[in-house]
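Quick notes on the structure that follows.
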Amino acid sequence: MGLEGEVHPGSVFPRQVFDTKDPSARYQMTTICCLHASVAQKSYGSEKRFLCPPPIVNIQAPQGDSKSALSSKPQVTMSVVCESDINNSLGQRSTLEDDHTGTFRYLYVTGSAKAKSFQLKLQVYGRACLPNGFVSKDSMGPESEEGVVNTADLPEPYAVFDSAPIAIISKPSKKTAKARNVSSCILAGSLVSLFNRINSQTVRTKYMSVQDGEFCAKNSTWSSFSVTIVSNGPSNPAARIGSPKSHHRQSAIQSSSPITYGAEIILTETATGLQSDRLIVCKVENGRIQENATGPICQMQKVALMSTERNKDGERVYLSAVGNDHQVGRYMDHSTTTKTVLKYQPSTMAGGNNDIMKPGSDDFLCWTIVGISKFEYTYFESLPADRDSEAHHPITPFPTLMKNPVYNAASHTLELVVSNFYSQIGDETSQVPMGVWLGSRGPLTTHIIRRNVSSTEPGSINNSALDQTTLLVDLPQGKQMGVAADEKSLSLPLLFVRHSDGITYNSRATVVFTRPENGERWAVSMA
């Protein structure tokens, strides 16, 4: 196995980006995060089935007089890129709000009926370059919509990200899925969004959220919730209503197992940690709650969330999104202050025939459940001496670990397989490998074993090139660790540093060093 090149400590990168003594004086951290539904329905003809819930982008960057490229309100564009219609994607552009968040409410999936997936393309600009509106790769034709800007007219983005492929479903399944078809099921421990829609009207849609310490339904934004199963799918879920609560939460069902109808769950809002009461998930079919339904819960199915306790009249009650604002028609008010506090209500539907004397559901008690996916990137900017002394260059593509690092105890090295490990300097033909750091220790000596560049990344809708590098990293040992004599272990983040401007990328891998009883070489493990 021959070595193609080596990078030695201190040979290129003169600055210590990660200084544990005074981190704020050396770097600024920026995190770009996007939450979106794991599945979506396709639009046909003139119909527009907007992505539901709408994708949300949040950028946490240094504010005030920071020299960060994203310190002011950045503008973000998001496009739907379908595998069957790559060159005709319509996107939406938006300037982030004061809470550093942007919501993309008007994206929808079009294209060939054979398409089974699509991706979201996120482009970040350091400042608002155009009014909010829409962008397209082809907006010059006579039939182009007013206000649509050609992507060629936009400046070079500061960052470009692609989501993982998102599955397209024709419509929510009314049949109970088989447990072995895990891809279509809602899983324990996963993130979900729930929304309430009146008379199947898009403009009368509210999303479950949290505000002021209360569960509520809002037009303007939505929250993601993690699902904890207290107990899964009994043969008679209604039999547990009114049962005494345990003083200790029961052991949660193993993560990644499908949630079944009749399961007793707790919803936890991911941003605040606020938890719901214990709720029993019931199936909704043909507008009626099926309390004794069984089987796994599928994506985009309608459910009712039944309380484990009855009301004072002895009726079963369900989490309801009914509110005064529904009665006056304020369905498209995107103000963040418009909310409906959730409360419990009994079903209002009843019949005089024994065959239909089943609990019923009106729309306010019915929630559509969909899985939520997330992609998130964190990087660090080293501070220039003067705001104008360094131009801000695009930060993407991000270097990414393609598999878990492998430690070789004999050579005390770490083997890494990294995509986009080479970065440009100046013209497009000049590229150098990045520096490898462990926290504030670096750059470490690296040995490039091989670099493979292919024209197309397998499975990519965007036909992006795959640039993959295999390398060995010499780990510090003995006195190079620079720790106190009584320190027994040390956890250090694995970082990649771009030499041209000190941009530092967090690989999200951590190397753990444990001091040996005898000898200088520390034991190494991955966290």
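Legend: calculated FRET efficiency, His393 to Glu517, from the Cβ-Cβ distance at R0 = 41 Å, rounded to 0.05, equals 0.30.
Compared with the alpha-carbon gap, the fully stretched path from Gln424 to Ser525 is longer by 33.1 nm at 0.36 nm per residue.
When Lys and Arg each count +1 and Asp and Glu each count -1, what net charge do the other residues less than 12 Å away from Phe104, Cβ to Cβ, add up to?
Numbers: positive: Arg93, Arg105, Lys121; negative: none.
Every neighbour counted, the sum reads +3.
Accessible-area rank, largest first, for Arg508, Arg197, Arg310: Arg508, Arg310, Arg197, with all protein chains present and a 1.4 angstrom probe. The heavy atoms of Phe225 offer some 0 square angstrom of accessible surface to a 1.4 angstrom probe.
Spin-label model, Ser491 to Lys312: label points 7 Å out along the Cα-to-beta-carbon direction sit 5.0 nm apart. Students often get this wrong, so check it: of Lys114/Lys283; Lys302/Lys343; Lys48/Lys206, which have C-alpha atoms separated by over 22 Å? In this structure, Lys114/Lys283 exceed 22 Å between Cα atoms. Estimated at 0.36 nm per residue, the fully extended path between Ser256 and Ser46 surpasses their Cα-Cα distance by 71.8 nm. Going by accessible surface with a 1.4 Å probe and the largest first, Leu401, Leu51 read Leu401, Leu51. A Förster radius of 30 Å, combined with the Cβ-Cβ distance separating Ala271 from Lys73, puts the computed FRET efficiency at roughly 0.90. May I ask you to derive the FRET efficiency for Ala409 and Asn452 from their Cβ-Cβ distance with R0 = 30 Å, giving the value to the nearest 0.05? About 0.65, to the nearest 0.05. Modelled label-to-label distance, Glu285 and Thr510, 7 Å Cα→beta-carbon offset: nm? Taking the simple label geometry, Glu285 and Thr510 are separated by 4.6 nm. Accessible surface for Asp362 stands near 40 Å², nearest 10, in the context of the full protein assembly shown (1.4 Å probe). Annotation for Val483 and Tyr108: the two label points, set 7 Å from Cα along the Cα-Cβ direction, are 5.7 nm apart. Of the residues Lys73, Lys488, ranked by 1.4 Å probe accessible area with the largest first, the sequence reads Lys488, Lys73.
The values are calculated or read from the model by the stated rules, or taken from the named source; none is laboratory data. Here the structure is a predicted model, which means the values were calculated and not measured. Positions of Cβ are generated from backbone atoms using ideal geometry, with glycine treated the same way; all protein chains shown enter the neighbour counts. For the accessible areas, the whole protein counts, side chains as well, though only heavy atoms, and no ligand, DNA or RNA atoms are used. Shrake-Rupley method; radii C 1.70, N 1.55, O 1.52, S 1.80 Å.
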